[in-house]
Amino acid sequence: MKEKALYWTPRILAILAILFMLMFSFDAFDGNEPLGRKLLGFLIHNIPVLILTAIVVVAWNRELPGGIILIAVAFCACIFFHSFTTNRASLFIFIPFMVTGVLFILHHLLYGKRK
């Protein structure tokens, strides 16, 4: 039972964190711009979401490299957005991805050798 919980927790957490980031891209539909520009803005806002979705797909199949990539990307994003010094609120977006990466690695180390 613990294995199933440790298997599904990072996957569900990653999906929820990606949906949380996706929610912020809907502000592209505000304003008086034409629909084409709104759709382009929506696509541009979702580039990080698409990248993180691809990383989670990798982590879903290969937990160790995917977890390492998730942690590295979240840490680099924290540095880029100055999360450790001036912009502490952005940690609410990146910490779930770090935790998810750790959980992927933990599941691989504890249960991955059985397969």
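The values are calculated or read from the model by the stated rules, or taken from the named source; none is laboratory data. Model, not experiment: these values are computed from the prediction. Please note: Cβ atoms are built from the backbone with ideal geometry, for glycine as well, and neighbour counts cover all protein chains shown.
Some notes on this structure:
Per-residue answers, yes or no, for (1) modelled with pLDDT of 90 or more; (2) surrounded by fewer than 18 Cβ atoms within 10 Å (Cβ to Cβ); (3) more than 22 Å from residue 5 (Cβ to Cβ):
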site: 26; (1), (2), (3): yes, yes, yes
site: 54; (1), (2), (3): yes, yes, yes
site: 100; (1), (2), (3): yes, no, no
site: 103; (1), (2), (3): yes, no, no
site: 108; (1), (2), (3): yes, no, no
site: 112; (1), (2), (3): no, yes, no
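Condition check ((1) aromatic (Phe, Trp, Tyr); (2) in contact with a helix residue (DSSP H, G or I) (Cβ under 8 Å, 6 or more places away or on another chain)) across all residues:
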| residue | (1), (2) |
| --- | --- |
| 58 | no, yes |
| 61 | no, no |
| 65 | no, yes |
| 71 | no, yes |
| 81 | yes, yes |
| 84 | yes, yes |
| 91 | no, yes |
| 94 | yes, yes |
| 108 | no, yes |
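- Subset of the range 12-63 [among the polar types (S, T, N, Q) and either over 18 Å from residue 99 (Cα atoms) or touching a strand residue (DSSP E or B) at 6+ places or on another chain (Cβ under 9 Å) (or both)]: 25, 32, 46
- Residue check, residue 39 aliphatic (A, V, I, L, M), more than 16 Å from residue 14 (Cα to Cα), part of a helix (DSSP H, G or I) and free of Cβ contacts under 8 Å to residues at least 12 places away in the same chain: yes
- Test result for residue 17, small (Gly, Ala, Ser), out of contact with any Pro (no Cβ under 7 Å at 6 or more places or on another chain) and part of a helix (DSSP H, G or I): no
- Considering (1) more than 11 Å from the chain's Cα centre (by Cα); (2) at negative phi, the lone condition that residue 93 does not fulfil carries the number (1).
- Some residue of the range 34-43 being closer than 30 Å to residue 112 by Cβ and hydrophobic (A, V, I, L, M, F, W, C): no
- Checked against (1) surrounded by 15 or more Cβ atoms within 10 Å (Cβ to Cβ); (2) more than 11 Å from the chain's Cα centre (by Cα); (3) closer than 30 Å to residue 110 by Cβ, residue 61 passes all but condition (1).
- Residue-level analysis places residue 87 among those that are over 27 Å from residue 5 (Cβ atoms) and loosely packed, with under 14 Cβ neighbours inside 10 Å.
- Checked against the criterion of being surrounded by fewer than 12 Cβ atoms within 10 Å (Cβ to Cβ) and part of a helix (DSSP H, G or I), the candidates 68, 12, 95 yield just one match: 12.
- Residues that are hydrophobic (A, V, I, L, M, F, W, C) and exposed (fewer than 13 other Cβ atoms within 10 Å of the Cβ) were ranked within the range 30-52; the one that is farthest from residue 93 (Cα to Cα) is 35.
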